[in-house]
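**Q** Pasting a structure below so you can have a look.
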Amino acid sequence: MTPRPFVRSRSLESLRNETFDLVVVGGGVTGAGVALDASSRGLRVALVERDDIASGTSSKSSKLVHGGLRYLQQGEIGLVYEALAERQRLLQNAPHLVRPLPFLIPMFGRDGVIPAKIARLLGSAMWGYDLTGGLRIGKVHQRLTHDEALEYMPTLPSQRLVSAYLYYDAAADDARLVLTLLRTAALEYGATVANRVAAAGLSKDAGGRVNGLVVCADGEEFTIRTHSVVNAAGVWSDDVRAMDEGTHPESIRPAKGIHITVPWHKVRNTVAAVIPVPKDRRSVFVVPQGEFTYIGTTDTDYDGPIDDPQCTPEDVDYLLGAINGAIEGHLTTRDIVGTWAGLRPLVKDATSNRTADLSRRHKVTPSPSGVVTITGGKLTTYREMAADTVDEVVELLGPLDHPVSRRSLTKKLRLRGAKGFEDEARRDAHLAERYGGEAGEVRALVADDPSLGEALVPGLPYLRAEAVYAARHEMVRTLDDVLTRRTRARLLARDATADAAPAVAALLAPELGWDEAEQQRQVHGFQVAVAHEREAADLPRSIPEVTHCG
């Protein structure tokens with residue numbers, strides 16, 4: 001199909017005037033995966049997102065691409081095998097966005113002895129992980145001595161530490177992965193993508209088949225003509241199903257996950273770590289991110305407003321208790337420089353009361369009207385989820401008047417930016433790991449205007465040029481889009497980012513056509529949201545003492 005510019009105004013024009021085989025509702029990783037899978041097969045595809053790209057769950061994950069050791073321990077061997085296969089595909093198809101990451105599992109004991117049962121369980125889990133797909137990354141787990149473990153994380157409590165395991169998984173910037181999937185679908189395969197377009201209803205023909213999606217954009221309501229709809233709305237998917245079915249199905253069980261960010265020198269972990277939570281059956285990740293370390297996640301039932309999940313004081317206490325139980329020293333709320341909270345759209349299971357025990361397998365549910373709902377799953381397995389969903393859509397649509405592949409083509413489909421990544425990495429690792437082969441376009445902005453090479457937020461690695469690039473090429477509409485998702489400044493340094501907001505708004509103003517009043521409105525809205533986030537967790541204002549973040 002003819003590539004389309006990744007420009008919202010052009011996308012809205014297409015949504016009004018064209019007829020699509022498929023419209024995807026939801027701009028998270030699942031919807032983005034569906035848009036790419038379908039468009040690469042030859043389907044005429046549109047995707048609409050009510051808010052911003054990846055603004056829901058898909059920008060608030062643990063940012064890991066992994067099989068999940070605990071799923072192996074729960075007997076989900078097939079799920080782990082599939083996830084590790086998908087991890088390998090992402091490492092090959094998006095090397096600029098997904099990187100291998102070592103993980104440390106410290107083992108604590110009394111008098112230098114680990115309980116035999118725990119030692120056996122961990123040893124079996126390590127071999128099981130390697131055999132179900134960990135070997136694909138080219139490394140096997142290692143058993144570390146006490147001193148070797150301390151070299152990776154010197155803040156571990158030396159008196160209680162006995163030994164450790166080291167194994168390998170991968171990490172990714174979740175929001176940029178979603179953005180890149182959508183840019184690949186649009187720029188390479190002709191998909192139409194638009195953010196801030198809210199689904200409002202369905203139109204159907206006399207036989208009850210979907211023939212349109214009613215949407216609201218910029219205060220206007222119109223109908224997108226389509227032959228089918230994919231509901232990839234995550235925790236909001238029951239709302240979309242209600243448009244089709246007339247009743248709210250209550251099939252989703254949201255689980256809240258939260259993370260906190262602290263200065264790296266407080267933890268000094270050179271690799272990620274998996275640490276047990278005292279007096280709990282769960283563990284949390286401790287992941288280095290340049291001059292910062294983030295800690296999470298929780299996994300708790302949630303029954304609050306799904307549009308605004310927040311980190312609470314209880315959440316903070318839980319994660320501080322976890323990290324303080326595994327390091328020498330003591331972190332407090334004054335050390336927390338960022339937080340984020342998100343909801344996982346788990347599928348309800350009458351057999352379990354614990355969200356941590358619910359399967360992360362996905363479920364594809366077609367309706368007779370031509371609406372296909374995809375729920376469950378996780379970030380790592382988005383491609384397989386998308387392929388299964390589009391298989392169902394192709395079956396529902398039947399023969400079309402243009403060529404369409406009946407099978408998915410994405411197993412070896414390299415994402416935009418993968419080509420040329422290695423060359424760009426030799427020039428500038430920071431830009432290469434965010435833009436891949438397109439990093440030269442950001443560097444060119446700096447060459448034209450050296451002031452764009454300055455820091456966007458003091459103490460963070462992002463350049464002013466990245467905000468300008470985002471405004472021109474990444475469908476930015478608000479200050480929050482730039483500071484929370486196109487960059488991760490707010491997650492790493494909440495209050496420093498809020499302080500930088502006026503300067504960033506002034507930089508974006510000529511790109512987005514903002515007058516002085518709109519700049520002030522954008523800054524006020526962002527700073528109010530940041531203050532709400534901080535106050536919801538009962539945290540003091542904090543500015544990190546850092547000079548660089550990789």
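**Q** Cβ contacts < 8 Å: first residue outside any loop (DSSP other than H, G, I, E, B), restricted to the stretch 323-343; second residue among the aliphatic types (A, V, I, L, M) and open to solvent by 30 Å² or more (accessible area, probe 1.4 Å), any location; separation 6+ or different chain. Result?
**A** These pairs meet every condition: 343/306.
**Q** For the stretch 421-453, how many residues are without any contact (Cβ under 8 Å) to a residue 12 or more places away in the chain and either among the basic types (Lys, Arg) or under 16 Å from residue 180 (Cα atoms) (or both)?
**A** 1
**Q** So, one more: Go through (1) of a type in the set (D, E, K, R); (2) farther than 20 Å from residue 77 by Cα; (3) in a loop (DSSP other than H, G, I, E, B) and name the single condition residue 117 misses.
**A** (3)
**Q** Every residue in the stretch 90-115 that is open to solvent by less than 60 Å² (accessible area, probe 1.4 Å) and either basic (Lys, Arg) or more than 30 Å from residue 440 (Cβ to Cβ) (or both), please.
**A** Passing the criteria: 102, 103, 104, 105, 106, 107, 108, 109, 112, 114.
**Q** Turning to a different aspect of this structure: Across the stretch 42-52, what is the number of residues that are surrounded by 24 or more Cβ atoms within 10 Å (Cβ to Cβ) and either at positive phi or out of contact with any strand residue (DSSP E or B) (no Cβ under 8 Å at 6 or more places or on another chain) (or both)?
**A** 0
**Q** Let me ask another. Return the residue satisfying two criteria in turn: it lies in the stretch 250-297 and is of a type in the set (S, T, N, Q) and part of a strand (DSSP E or B), and of such residues it is surrounded by the fewest Cβ atoms within 10 Å (Cβ to Cβ).
**A** Within the stretch 250-297, the match that is surrounded by the fewest Cβ atoms within 10 Å (Cβ to Cβ) is 283.
**Q** Is it the case that the stretch 53-62 has a residue that's of a type in the set (Lys, Arg), assigned to a loop (DSSP other than H, G, I, E, B), more than 28 Å from residue 270 (Cα to Cα) and open to solvent by 10 Å² or more (accessible area, probe 1.4 Å)?
**A** no
**Q** Under 30 Å from residue 311 (Cβ atoms) and open to solvent by 20 Å² or more (accessible area, probe 1.4 Å) - does that describe any residue in the stretch 124-147?
**A** Within the stretch 124-147 (the criterion being under 30 Å from residue 311 (Cβ atoms) and open to solvent by 20 Å² or more (accessible area, probe 1.4 Å)), the answer is no, since none of the residues qualifies.
**Q** Among the numbered criteria (1) assigned to a strand (DSSP E or B); (2) crowded, with 16+ Cβ neighbours inside 10 Å; (3) modelled with pLDDT of 95 or more, which one does residue 169 miss?
**A** (3)
**Q** Here is a follow-up. Name the residue that is farthest from residue 128 (Cα to Cα), counting only residues in the stretch 38-52 that are assigned to a loop (DSSP other than H, G, I, E, B) and acidic (Asp, Glu).
**A** This residue is 51.
**Q** Next question. Residue 71 passes all but one of (1) closer than 19 Å to residue 346 by Cβ; (2) more than 22 Å from the chain's Cα centre (by Cα); (3) not acidic (Asp, Glu); which number fails?
**A** Condition (2) is where residue 71 drops out.
**Q** Just give me the residues in the stretch 361-395 being more than 27 Å from residue 88 (Cα to Cα), out of contact with any Gly (no Cβ under 6 Å at 6 or more places or on another chain) and outside any strand (DSSP E or B), in sequence order.
**A** Passing the criteria: 367, 368, 370, 395.
**Q** Between a first residue in the stretch 279-298 that is of a type in the set (Lys, Arg) and a second residue that is not in a loop (DSSP other than H, G, I, E, B), which pairs have beta carbons less than 7 Å apart while being 6 or more apart in sequence or on different chains?
**A** From the stretch 279-298, the pairs are 282/356.
**Q** Please determine whether any residue of the stretch 256-273 is on the phi > 0 side of the Ramachandran plot and touching a helix residue (DSSP H, G or I) at 6+ places or on another chain (Cβ under 6 Å).
**A** Going residue by residue through the stretch 256-273, those that are on the phi > 0 side of the Ramachandran plot are 268.
Restricting the remaining residues to those that are touching a helix residue (DSSP H, G or I) at 6+ places or on another chain (Cβ under 6 Å) gives none.
No, there is no match, as no residue in the stretch 256-273 is on the phi > 0 side of the Ramachandran plot and touching a helix residue (DSSP H, G or I) at 6+ places or on another chain (Cβ under 6 Å).
**Q** Being closer than 27 Å to residue 137 by Cβ, in contact (Cβ under 8 Å) with a residue 12 or more places away in the chain and crowded, with 16+ Cβ neighbours inside 10 Å narrows it down to one residue among 156, 187; which is it?
**A** 156
**Q** Can you pull out the residues in the stretch 210-238 that are farther than 22 Å from residue 388 by Cβ and either assigned to a loop (DSSP other than H, G, I, E, B) or open to solvent by 20 Å² or more (accessible area, probe 1.4 Å) (or both)?
**A** 211, 214, 216, 218, 219, 220, 221, 222, 223, 225, listed by residue number.
**Q** Still on this structure: For the stretch 63-81, name all the residues that are at negative phi, buried (at least 22 other Cβ atoms within 10 Å of the Cβ) and in a loop (DSSP other than H, G, I, E, B).
**A** Within the stretch 63-81, 66, 67 qualify.
**Q** Are any of the residues in the stretch 385-402 within 23 Å of residue 99 (Cα to Cα) and open to solvent by 10 Å² or more (accessible area, probe 1.4 Å)?
**A** no
The values are calculated or read from the model by the stated rules, or taken from the named source; none is laboratory data. Please read all numbers here as calculations on a predicted model, not as lab measurements. A quick note on method: Cβ atoms are made from the backbone with ideal geometry, for glycine too, and the neighbour counts reach across all protein chains shown. The protein model used for the area step is the full one, side chains on, heavy atoms only, and it has no ligands, DNA or RNA in it. Shrake-Rupley method; radii C 1.70, N 1.55, O 1.52, S 1.80 Å.
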